[in-house]
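The values are calculated or read from the model by the stated rules, or taken from the named source; none is laboratory data. This structure is a prediction, so every number in the text was calculated from the model and none was measured. In this analysis, Cβ positions are derived from the backbone assuming ideal geometry, glycine residues included, and neighbour counts consider all displayed protein chains. Heads up: the accessible areas ignore ligands, DNA and RNA and are worked out on the full protein's heavy atoms, side chains in. Shrake-Rupley method; radii C 1.70, N 1.55, O 1.52, S 1.80 Å.
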Amino acid sequence: MAFSADVKQELCRPAVSRRCCAQAEAYGILLFCGAFHPRQARIVTECAALKERLPLLFKKAFKLSFDQLPQPGEGKGTFLVEDPAKLKAIFHAFDLEWDGAVSLHINLAPLEEEHCRAAFLRGAFLAGGSVTDPMKSYHLELATSHYHVGRELPALLREAGFEPKETQRKGNRVVYFKHSDHIEDFLTFLGAPVSAMAVMNAKLERDLQGRVNRQVNCDSANLDKTVAAAREQLAAIERLRAAGRLETLPDKLREAAALRLDHPELNLAQLGALCAPAVSKSALNHRMRKLLELAEAAARGG
């Protein structure tokens with residue numbers, strides 16, 4: 001998941017500026033993190049850049065600090081908010097109901113502006129997203145344990161101009177993209193143009209490698225055909241020589257036979273260029289077919 005880490009690193013570089021976007025990004029993180037309910041908000045991450053960003057983001061968005069921070073040097077770090085007053089402030093910031101049986105939805109009111117929608121989706125990716133190395137495959141996904149959030153996210157993405165696919169995996173709702181151009185556009189929208197360019201470059205490299213491989217395979221197949229045809233022609237010429245008929249052939253056929261014996265590695269176009277005067281590949285192919293027919297006739301005693 002090194003590429004995912006690079007993408008998240010890039011997404012965390014811009015400073016937390018507008019409060020509306022800070023709240024939208026925090027909203028995306030909370031809806032796609034480990035746990036978010038009236039008793040606890042728990043965010044677990046191993047992304048070093050996100051660990052640095054979260055305290056600044058929540059300070060800007062809600063004017064509050066976490067009740068628990070990751071330990072220094074810890075791999076996967078956990079951020080906790082359990083203070084009821086802080087949790088209530090977070091819920092009220094998004095007009096979410098404050099009760100023990102809350103079923104989370106995406107409240108679109110804080111996401112009216114495009115920059116806020118981009119911030120929300122950025123937060124969702126930072127907390128619950130991943131993307132494969134584009135040199136291996138194309139797959140970007142966002143996963144959440146909140147059923148309604150997972151059902152409502154595709155509509156939000158379509159409003160932003162994207163066409164995601166949906167599935168369910170181990171109790172999570174998953175929204176994903178499988179085409180490189182969709183992934184490029186989405187990463188650009190989130191604020192990761194360098195990563196989007198990496199996907200584009202990987203696609204170009206993979207396409208080029210594919211064309212090279214196809215050309216090599218085609219050349220190899222053509223070479224195999226040339227070698228097989230040359231062997232068949234040499235065998236026919238040897239049969240004619242053994243039958244004493246080689247010297248009785250017309251001049252053009254004897255020339256073709258002599259060239260094939262002297263240059264078994266050449267294709268018909270190359271052999272045709274050696275004739276005096278030079279002839280086309282088609283003309284030399286006709287002469288070779290005549291030699292094959294005569295060899296078959298000699299073998300039958302005709």
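Worth pointing out:
- Of all accessible heavy-atom area on the chain, the percent that carbon and sulfur account for (1.4 Å): 52
- Between segment 197-261 and segment 273-302, the Cα center-to-center distance that results, in Å: 16
- Loop-resident sites, segment 259-302, for GluC sites (Glu not before Pro), counting at most 11 other Cβ within 10 Å (DSSP): GLU265
- Applying the Karplus relation 6.51 cos²θ - 1.76 cosθ + 1.60 with θ = phi - 60° to segment 282-299 yields 3J(HN,Hα) values of 5, 5, 5, 4, 4, 5, 5, 5, 5, 4, 5, 5, 5, 5, 5, 5, 5, 5 Hz, where x marks Gly and Pro.
- Relative to the longest principal axis of the Cα atoms of the chain, the long axis of helix 114-128 lies at roughly 80 degrees.
- Between 0 and 90°, nearest 10: helix 19-31 axis offset from the chain longest Cα axis: 70
- Over segment 127-240: Rg over Rh, Cα atoms, Kirkwood Rh: 1.38
- Within the listed set LEU11, LEU108, LEU56, the Gaussian network model of the chain (springs between alpha-carbon atoms below 10 Å) gives the highest mean-square fluctuation for LEU108.
- Entries of LYS8/LYS86; LYS225/LYS281; LYS51/LYS165; LYS76/LYS165; LYS51/LYS203 with Cα pairs more than 23 Å apart: LYS8/LYS86; LYS51/LYS165; LYS76/LYS165; LYS51/LYS203
- Relative to the longest principal axis of the Cα atoms of the chain, the long axis of helix 193-242 makes an angle of roughly 20 degrees.
- Helix-only mean residue ellipticity at 222 nm for the chain, each DSSP H run of n ≥ 4 adding -39500 (n - 2.57), per residue, nearest 500: -19000 deg cm²/dmol
- Surface accessible to a 1.4 Å probe, per residue, for the residues of the chain, Å²: 53
- On the beta carbon distance between GLU52 and ALA85, with R0 = 30 Å, the FRET formula returns roughly 0.75.
- Packing here is the average count of other Cβ atoms within 10 Å per residue, and on that basis the peptides 266-273, 168-175, highest first, run 266-273, 168-175.
- For segment 203-262, Kirkwood radius (reciprocal of mean inverse C-alpha pair distance, Å): 14.1
- Working note: Debye formula, equal point scatterers on the alpha-carbon atoms of the chain, no solvent; log10 I(q)/I(0) at q = 0.09, 0.10, 0.13 Å⁻¹ is -0.56, -0.61, -0.89.
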